[in-house]
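Each remark here refers to the structure printed beneath this line.
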Amino acid sequence: MSKKQKKADAAPAATVPTATMTDLRLDLLMRLSDLPGVPGQEDAVRALVLAELDGLVDEVRVDAMGNVIARRAPRKPRKGEVAERVMISAHMDEIGFLVRFIDDRGFVRVQALGGFDTRNLFARDVTVHARGGALPGILTPGGKPVHIATPEERKKIPEVREFFIDLGLSADEVRAQVRVGDMVTLDQTARQVGRLVCGKAMDDRASVFLLLETLRALRGQELRHELIAVFSTQEEVGLRGAITAAYGVQPTVGIGLDVTLAVDTPGVGPDEAVTHVGQGIGIKVFDSSMISHRGLVDQFWDLAQERGIPAQLEVLALGGTDGAAIQRSREGVPTLTLSLPTRYIHTVVEAVHVDDLRAGVDLLVAYLR
């Protein structure tokens, strides 16, 4: 085992107060979810993140990719201690679309940014974010309505290329206001449903929120480790922002923050649930982009057990997070991902549980202290 791995395996934390449900600013989470920000156009989210970071970090900058990189300095190491440079990354972008074509009747065709299950895209309200202002639209696939469709046509699941946006304007009016490359987002206002908070972009604004709340909980407290909080761009199209951020930051320990599947709903067997909402923060063991550093998995799991912080181990057959980008940076970085169990991922009603958010904050605070 390398020296870097040994250091990553041993980072005891002092006892710290934990957050409570009333401490979590769920209004901020819902504001973050409501903001538009597809890959490459995360401007509105970045502006809110920068405003929220005021007074929480020692320095902050925005790099060439649009990543927000914020730093908290550690306390002076005590005898025998080694301070790590811990990069924690949560992505600001959401799945969405770009305008790719306007036809002769003014209907807009789109390019998907991120993975969509098109069964969830029928007859959706969308917004086209044109330079002159936001335009409301209706997204739906081409084809016949159910009244005149054949049984075979009713069963067909369309591809993204078959969808179009109706802006209710003539072709000339559309072309005068809309350009190829304009951002398109799905419309949905976040809300609380029992102990869930659901909205269109909990992937990954819930983790952006978790990271901001962690920084807020650490305000005025000494940190054992140097903390580099990264709010990354373009994750949904290939972890692009985190790749460049990790290369520049040169962390010694990496932590990705993202959502994961919680398929703890009717119609799915228990072996496919991955995680369960309300049962704690997920500690990722495996996904198709990375295998978490085993020493870090054990350390975070043991820390959660010692502090009574709800946690669950996660194996995800398909998917990836910023953790994979950090892990592969330069000569490699010991990395794991903390995952928020989330129902209905990649829909407009992605749902996270308040107890899991609180557990994520508590575990990060305990580790960094």
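Just name the residue that is nearest to Met183 (Cα to Cα) out of those in segment 109-135 that are among the small types (Gly, Ala, Ser) and in a strand (DSSP E or B). Walk me through it before giving the result.
Of all residues in segment 109-135, those among the small types (Gly, Ala, Ser) come to 112, 114-115, 123, 130, 132-134.
After this cut, where a residue has to be in a strand (DSSP E or B) as well, the list is 112, 130, 133-134.
On the way: Ala112: 10, Ala130: 7, Gly133: 11, Ala134: 10 Å.
So the residue we want is Ala130.
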In segment 111-158, the residues that are in contact with a helix residue (DSSP H, G or I) (Cβ under 7 Å, 6 or more places away or on another chain), hydrophobic (A, V, I, L, M, F, W, C) and touching a residue at least 12 places away in the same chain (Cβ under 8 Å): Ala112, Leu113, Phe116, Ala130, Leu135, Ile157
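Taking segment 80-92 as the search range and keeping residues that are at pLDDT 90 or above and assigned to a loop (DSSP other than H, G, I, E, B), which one is surrounded by the most Cβ atoms within 10 Å (Cβ to Cβ)? Steps first, answer last, please.
Here is the first cut: in segment 80-92, the residues at pLDDT 90 or above are 84-92.
Checking the rest, the ones that are also assigned to a loop (DSSP other than H, G, I, E, B) come to 84, 92.
Working: Glu84: 22, Met92: 30.
My answer is Met92.
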Can you tell me which of (1) open to solvent by 40 Å² or more (accessible area, probe 1.4 Å); (2) touching a residue at least 12 places away in the same chain (Cβ under 8 Å) is the one Ile102 doesn't meet? (1)
Candidate set from segment 217-264 (those that are open to solvent by 10 Å² or more (accessible area, probe 1.4 Å) and among the small types (Gly, Ala, Ser)); member that is farthest from Val45 (Cα to Cα): Gly220
Tally the residues that are within 26 Å of Ile345 (Cα to Cα) and in contact (Cβ under 8 Å) with a residue 40 or more places away in the chain, restricting the search to segment 163-197. 20
Within segment 149-208, restricting to residues that are under 30 Å from Thr260 (Cα atoms), basic (Lys, Arg) and modelled with pLDDT under 95, the one that is most open to solvent (accessible area, probe 1.4 Å) is Lys155
Restricting segment 51-79 to residues that are in a loop (DSSP other than H, G, I, E, B) and of a type in the set (Asp, Glu), which is nearest to Arg131 (Cα to Cα)? Asp63
Residue under question is Val361, and the condition is that it be crowded, with 24+ Cβ neighbours inside 10 Å, closer than 30 Å to Leu186 by Cβ, among the hydrophobic types (A, V, I, L, M, F, W, C) and out of contact with any Lys or Arg (no Cβ under 8 Å at 6 or more places or on another chain); does it hold? yes
Would you confirm whether or not segment 242-262 contains a residue that is touching a helix residue (DSSP H, G or I) at 6+ places or on another chain (Cβ under 9 Å), among the acidic types (Asp, Glu) and part of a helix (DSSP H, G or I)? no
Working only within segment 257-285, note down all residues that are β-branched (Val, Ile, Thr) and either in contact (Cβ under 8 Å) with a residue 12 or more places away in the chain or under 16 Å from Pro310 (Cβ atoms) (or both). Val259, Thr260, Val263, Thr265, Val274, Thr275, Val277, Ile281, Ile283, Val285
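The values are calculated or read from the model by the stated rules, or taken from the named source; none is laboratory data. Remember, it's a predicted structure, so these values are computed and weren't measured experimentally. A quick note on method: Cβ atoms are made from the backbone with ideal geometry, for glycine too, and the neighbour counts reach across all protein chains shown. Heads up: the accessible areas ignore ligands, DNA and RNA and are worked out on the full protein's heavy atoms, side chains in. Shrake-Rupley method; radii C 1.70, N 1.55, O 1.52, S 1.80 Å.
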